[in-house]
Amino acid sequence: MKPHSPAWWIASGFGSGAAPTAPGTAGSLVGLAIGAALLPISPALVAAAILIACAGGLWAIHAATGQAMLGHAAADHDDPGWIVIDEIAGQMIALLALHRLSLTGAALAFALFRLFDITKPGPIGWADRQGGAVGIMADDILAGLAAAAIIFAAQKATLI
């Protein structure tokens, strides 16, 4: 890791991954803030930010850690805690399911995303075990999609 290189800044979520405790939660809060700022303007802006975070994250993780795009790194932990660009992208995916931004919806998107990101059920855990930059990004993308699916269904049922 080369702290303060462009790749480090992107992979660490603009430095939020350097939080002394719960860096994943700090990164998720950055994603929540970005998504909440963009969603009222246009869901397309959130989608664009997700694509930028995913593409930039893949490059930055590879550049900052030397990990292969796919497969396990020869040394070091495959998903260092300071890498949170994946949480930023996943959190924005969860927010994208909201028909309109509300405090309740944002709180639900945050809580569901963190639940799936931490517990890693089913395919989320499988993606996490794939290693490399793709594995680091994929589990959070799936966690965001799982949270979004629940939010979408709750809105259809008029629960939120």
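The values are calculated or read from the model by the stated rules, or taken from the named source; none is laboratory data. Just so you know, these numbers come straight off a predicted model, no measurement behind them. All Cβ positions, glycine included, derive from the backbone under ideal geometry; neighbour counts span all protein chains shown.
Filtered by the rule that a residue be touching a residue at least 24 places away in the same chain (Cβ under 8 Å) and assigned to a helix (DSSP H, G or I), region 119-141 gives 128, 132, 133, 134, 135, 136, 137, 139, 140, 141.
Say whether the condition of being touching a Cys at 6+ places or on another chain (Cβ under 6 Å), buried (at least 16 other Cβ atoms within 10 Å of the Cβ) and modelled with pLDDT of 95 or more is met by at least one residue in region 75-91. Taking every residue of region 75-91 in turn, at least one turns out to be touching a Cys at 6+ places or on another chain (Cβ under 6 Å), buried (at least 16 other Cβ atoms within 10 Å of the Cβ) and modelled with pLDDT of 95 or more.
In region 9-18, what residues are part of a helix (DSSP H, G or I) and surrounded by fewer than 21 Cβ atoms within 10 Å (Cβ to Cβ)?
Of all residues in region 9-18, those part of a helix (DSSP H, G or I) come to 9-11, 16-18.
Hits for region 9-18 are 9, 18.
Please find, among 108, 95, 51, 145, the residue that is part of a helix (DSSP H, G or I), over 12 Å from the mean Cα position of the chain (by Cα), modelled with pLDDT of 95 or more and not small (Gly, Ala, Ser).
On the way: 95 fails: over 12 Å from the mean Cα position of the chain (by Cα); 51 fails: over 12 Å from the mean Cα position of the chain (by Cα); 145 fails: over 12 Å from the mean Cα position of the chain (by Cα).
Exactly one residue qualifies, and that residue is 108.
The residue pairs whose first member lies in region 35-56 and is in contact (Cβ under 8 Å) with a residue 12 or more places away in the chain, whose second member is among the acidic types (Asp, Glu), and whose beta carbons are closer than 9 Å, counting only pairs six or more residues apart or on different chains, are 53/86; 54/86.
For residue 21, state whether it is crowded, with 20+ Cβ neighbours inside 10 Å, farther than 26 Å from residue 98 by Cβ and among the hydroxyl-bearing types (Ser, Thr, Tyr).
Working: crowded, with 20+ Cβ neighbours inside 10 Å: no; farther than 26 Å from residue 98 by Cβ: yes; among the hydroxyl-bearing types (Ser, Thr, Tyr): yes.
When the stated conditions are applied, residue 21 does not pass them.
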